[in-house]
Amino acid sequence: MNSPLPRASPSSLPHPFSFQFPPSSFNFTSLLLVPPKPSHFIISATTNQTITPSPYSLKLNSHLISKDGFLPNERYRSKSVKDLAGSIKDGNIETLAEFNHLFKGLVLADEVDLAYKLYSTLSNYDFSADSLTFSILVHCCCKRNDPMEAKRVLEHMIESGFESPKVKTFTQLINLLCKKGRLKQAFEVFEIMGKVKCDPTINTYNCLLKGLCYVGKVEEANEFLSKIKKSWKEQRDGRLQPDVYTYTAVMDGFCKVGRSDEALELLNEAIEMGLTPSIVTYNTIFNGYFKEGRPMEGFGLLQQMKERNCTPDYVSYSTLLHGLLQWGEIKAAVRVYKEMLDTGFNVDERMMNTLLRGICRRSRKEKELLEVAYQVFDEMSKRGCDIDPCAYELVIEAFCNGNEMDRAFVNLCEMIKMELSPRTFTLNIVVRGLCVEEKIEKAMLVLVLVCRRTSEMFDKVAFDVLINETNRQGMVKTASCVYCVALKNGVIPSRKPRR
């Protein structure tokens, strides 16, 4: 583990950890059994059915396209794909080079199913696959999200003595295997590179680093990074110089396991090397701070980004805002929210609801936040956001606490009209607040609206408050009416109307 990375022999690179998996054996599909000379039969790459070449092979391909759905929904396809399909229909494939050109064109156009079907008709043209054909097939399998098939094609290609693919093909396959968590197979492909003397690039190593972190092998990834750095310092091979993606891959691994401080050390090291951290690099640490319950440290990171002319993006701000809300740092969250609006970002609806709930709850003790709660609520209303029931009730409570009873009344009525069911507590504080301001008519209207739906949302507190206030104002008939409504709905008020 202490020896430097070899420059041109990836197979001698010590694995960052020892694999304990049993040796795997692969059964090559008959798809790969393309003989050096044209045969009379070929197995379809997609159906595993035998296709007998016809002397009218060009007509056969036209039939596949026009009748068997070889090119479905043709009118929705790009002009380049239509041109490729036209070449197949017209039978304009006279050489293997032309076949490879069409095959590659379909793969690059993301028409991988069509490309696979075209490959299955290879022998119809009396051609034998060459190294380029197999390289394109590997690329096609990767685009079909089938890395194991791509690996089998690659192994068959090497064992059959064909010229090895370019490093880009190896890297693409390694990357897909790592994304699937098939790290053992990824390093097997990496060893093949060494056997065929195909020098890896830093992109190849980056894929392996991300793969190690993806499966939680963070220590091994960090050791792997150390060897890459040591090899580069000794050989000064530009292809192996660690880049910002190299560091970001390991930093992301550290942050995912709660080791943001070590990720920050790597960030500083990358800066000392003259690398420019990307937005993704910084966002990785934001996410780490959030997971570790240290969102306030994100402000220092935000400042560093600005000082280094790396403008924070929406992900930067929203990750920081989410972390602050999650850990109860409401005032700091408001600060980030306002900065986002000033920068031109729209906070998403879910985050706005979370922010509104947090501000309203905190405003019970910190009255200066009431105005902020009103501003957030107004912004959500202006944007047409769906306000969840809990946030709606909390903002109504905030209006009551701020003596904004008219707004509390309007929004409570709106909530009831939307067929949302406010809690008894919310109804009681609105009725009480309206009565305190001697707005009996509005308090009675709340009673009417609620009783039309269900009286279960009311308890005797609201009825007592109404009866007490109507008695105080000498509205005996109204008090009697309220009392009768309470009894009719199964509620026995403590207060009674005056006689």
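The values are calculated or read from the model by the stated rules, or taken from the named source; none is laboratory data. Just so we're clear, the structure is a prediction, and the values are computed from it rather than from any experiment. So basically every Cβ, Gly included, is an ideal-geometry build from the backbone, and we count neighbours across all protein chains shown. Heavy atoms of the whole protein, side chains included, go into the accessibility calculation; ligands, DNA and RNA do not. Shrake-Rupley method; radii C 1.70, N 1.55, O 1.52, S 1.80 Å.
State the number of residues belonging to the stretch 413-427 that are buried (at least 16 other Cβ atoms within 10 Å of the Cβ) and closer than 20 Å to residue 464 by Cα. Final tally of qualifying residues: 3.
Each residue in the stretch 311-348 was checked for being part of a helix (DSSP H, G or I), among the polar types (S, T, N, Q) and open to solvent by 10 Å² or more (accessible area, probe 1.4 Å), and 4 pass. The condition of being touching a helix residue (DSSP H, G or I) at 6+ places or on another chain (Cβ under 7 Å) and either over 25 Å from residue 350 (Cβ atoms) or surrounded by fewer than 18 Cβ atoms within 10 Å (Cβ to Cβ) (or both) holds for only one of 408, 398, 443, 391, that being 443. Summed over the stretch 91-108, the residues that are surrounded by fewer than 16 Cβ atoms within 10 Å (Cβ to Cβ) and in a loop (DSSP other than H, G, I, E, B) give a count of 4.
Report whether or not residue 379 is out of contact with any strand residue (DSSP E or B) (no Cβ under 6 Å at 6 or more places or on another chain) and either part of a helix (DSSP H, G or I) or open to solvent by less than 60 Å² (accessible area, probe 1.4 Å) (or both). When the stated conditions are applied, residue 379 passes them.
Taken together, the criteria place residue 296 among residues that are farther than 22 Å from residue 246 by Cα and hydrophobic (A, V, I, L, M, F, W, C).
Would you mind finding the one in 264, 301, 208, 212 that is open to solvent by 20 Å² or more (accessible area, probe 1.4 Å) and part of a helix (DSSP H, G or I)? Only one candidate passes the filter, namely 264. Scanning the stretch 122-152 for residues that are more than 14 Å from residue 103 (Cβ to Cβ), open to solvent by 30 Å² or more (accessible area, probe 1.4 Å) and in contact with a Leu (Cβ under 7 Å, 6 or more places away or on another chain) yields a single hit, 152. Checking each residue in the stretch 461-495 for being at pLDDT 85 or above and basic (Lys, Arg) picks out 472, 477. One residue stands out among those in the stretch 267-280 that are within 12 Å of residue 308 (Cα to Cα) and of a type in the set (Val, Ile, Thr): the one that is most open to solvent (accessible area, probe 1.4 Å), which is 276. You will find that of 345, 399, 377, the residue that is in contact with a Phe, Trp or Tyr (Cβ under 6 Å, 6 or more places away or on another chain) and farther than 23 Å from residue 452 by Cα is 345 and no other.
Give me a count of the residues in the stretch 190-205 that are assigned to a helix (DSSP H, G or I) and either open to solvent by 30 Å² or more (accessible area, probe 1.4 Å) or in contact with an Asp or Glu (Cβ under 9 Å, 6 or more places away or on another chain) (or both). Within the stretch 190-205, residues that are assigned to a helix (DSSP H, G or I) and either open to solvent by 30 Å² or more (accessible area, probe 1.4 Å) or in contact with an Asp or Glu (Cβ under 9 Å, 6 or more places away or on another chain) (or both) number 6. For the stretch 230-261, residues that are assigned to a helix (DSSP H, G or I), over 24 Å from residue 288 (Cα atoms) and open to solvent by 10 Å² or more (accessible area, probe 1.4 Å) total 7. Within the stretch 167-189, being small (Gly, Ala, Ser) and in a loop (DSSP other than H, G, I, E, B) holds for one residue alone: 181.
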